[in-house]
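These notes concern the structure reproduced below.
The values are calculated or read from the model by the stated rules, or taken from the named source; none is laboratory data. In this text the structure is predicted, and so the values were computed from the model without any measurement. All Cβ positions, glycine included, derive from the backbone under ideal geometry; neighbour counts span all protein chains shown. SASA here: full protein model, heavy atoms, side chains in, ligands and nucleic acids out. Shrake-Rupley method; radii C 1.70, N 1.55, O 1.52, S 1.80 Å.
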Amino acid sequence: MSVDVLLVGSGNMGRGYLEAARRLGLRVAVVETPARLDVIRAEFGDVLAGQESVDPAAADHDEAWVGPAAELARCTAPRGVLGFSEPHVLAAALVAEAHGLPGPGLYATQVSRNKALQRVLYGAVGIPQPASRLVPDLSEVTPRFPLVVKPLSGSGSSGVEQVPHKAAWADVAARRAGDGPLLVEEYAAGDEFSWEALVRRGCPLFTNLTAKTTTGPPAFVELLHRPSGSAAEREIRDRGDRLGAEVVSALRMRDGMVHLEFRLAPDGRAAVLEAAVRTPGDFLMDVVSQAHGVDLYAACLLLALGREPEIPDGERGFRHTAALFLAADRPGTVVPDDTAALDAVPGVFRSGLRQDPGRVVGPPESSADRMAFALLDLPTEAALREAVWETRRAFGTAG
Ligand SMILES: Nc1ncnc2c1ncn2[C@@H]1O[C@H](COP(=O)(O)OP(=O)(O)O)[C@@H](O)[C@H]1O
Ligand SMILES: [Mg+2]
């Protein structure tokens, strides 16, 4: 049976790729854990043309995906390959390299998986970023505050923490003594944005700027992603496009989707935080697609096949969308039974719990601690802001 695209990893948000493959009439082979493959077989049996399983106990590690992806590629000879999230992109890039398939490229992929490598290569070409130092052990640092400590290859803000002043330092250094090499960065103040782009042969074809709200220091858990479309943010979008083009070039990225995070200080100074050559998480694919009237999932499949996706000309008009995450703002918060209260808010088109109902949670330390999400779509920015406020109120949380 012929296979069009080998999907390395699929996850919950990978459903979008399987749905898009169905719309495009593509046959897909999937590398996933046995439990996830069961779900995919049941729901997407018509699309699934090959499968290989990954050991769930090792699935957080890039290395676990490499062997199964190589084996499935050998058996199915796909015409394209796509890595889903962080642990999947290296295996996908190795398959692409070995079989001569399109993709971001091994250089971009390897660099994107390591924040310290990004600092070196962005620094070499003058891309603005926080001053940083790679340290084997925090006790060896002479710190300047405020600073941020982070692992080299994390995601979802896990292990990222701000240290505001000297008094807090000894505790952090002791607590993280066994963490291995860490990156210690200057704290970049300012508003936070992400930039998403479809890249073909090294050139951005479609770009989007997303304004982001996080819980702020110390843990910076992401609470709101709002694709930007207002005239007032035009300059920031242009700024994102310029920074993004520089990063794509520094990464020598070829084909696929890139997701960049940066901060913009009140004095206009930008600081690139990180870039990833993969599907952005947190429903960004869904809200960005809906905002611009573009099918990002289908576009990524086509890019993986070396084809040029159709990009909307903007005539349809921008929709003001957002992915909102609801998190506890105090300890002892009980996760509700469902998200019916969110669905009742006008503009909410999808919602769901991210924790078991009845569980008692506190303020989040990483993305995995958030309680629920709601995706919104409104005709104006003012209506969106109102709906975000209303959704938070309906859930009984400020966060
Ligand atoms: N140097 C920094 N200055 C200011 N904020 C930072 C810095 N580094 C990280 N952050 C904050 O922490 C969040 C998570 O850090 P990031 O490097 O993006 O790690 P992850 O891969 O876990 O998303 C960022 O979105 C940002 O809010
Ligand atoms: Mg990040």
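Tabulated data
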{"item": "Residue-by-residue Karplus 3J(HN,Hα) for the range 105-120, coefficients 6.51, -1.76, 1.60, Hz, glycine and proline x", "result": "x, 5, 5, 4, 5, 5, 5, 5, 7, 9, 5, 5, 4, 4, 4, 5"}
{"item": "Reference-scaled alpha-carbon Rg (2.2 N^0.38 Å with N residues) for the range 191-395", "result": "1.05"}
{"item": "Descending semi-axes in Å of the range 131-186, equivalent ellipsoid built from Cα gyration tensor", "result": "15, 12, 11"}
{"item": "Whole-number percent relative contact order across the chain, with pairs defined as alpha carbons under 8 Å at least 6 apart", "result": "14 percent"}
{"item": "Solvent-accessible area per residue, Å², over the range 300-342 with all protein chains present [probe radius 1.4 Å]", "result": "49 Å²"}
{"item": "Quotient of C-alpha Rg and 2.2 N^0.38 Å, computed over the range 63-127", "result": "1.23"}
{"item": "Debye log10 I(q)/I(0) at q = 0.08 Å⁻¹ for the chain, Cα point scatterers", "result": "-0.42"}
{"item": "Eligible lysines near Lys166 by straight Cα distance, threshold 22 Å, same-chain separation 8 or greater", "result": "Lys150"}
{"item": "Charge dipole magnitude, Cβ of K and R +1, D and E -1 - the chain, Cα centre, debye nearest 20", "result": "520 debye"}
{"item": "Calculated [θ] (222 nm, deg cm²/dmol) that DSSP helices of n ≥ 4 give over the chain, each run adding -39,500 (n - 2.57)", "result": "-10000 deg cm²/dmol"}
{"item": "Taking the range 131-186 and dividing mean pair separation by its residue count, relative contact order in percent (alpha carbons under 8 Å, at least six apart)", "result": "57 percent"}
{"item": "Shape box of the range 5-101 [Cα atoms, principal axes, largest first, Å]", "result": "30, 30, 21"}
{"item": "Mean projected area (nm²) of the alpha-carbon convex hull when the range 277-399 is viewed from all directions", "result": "8.7 nm²"}
{"item": "Computed over the range 264-303, the ratio Rg/Rh where both radii use C-alpha atoms and Rh is Kirkwood", "result": "1.12"}
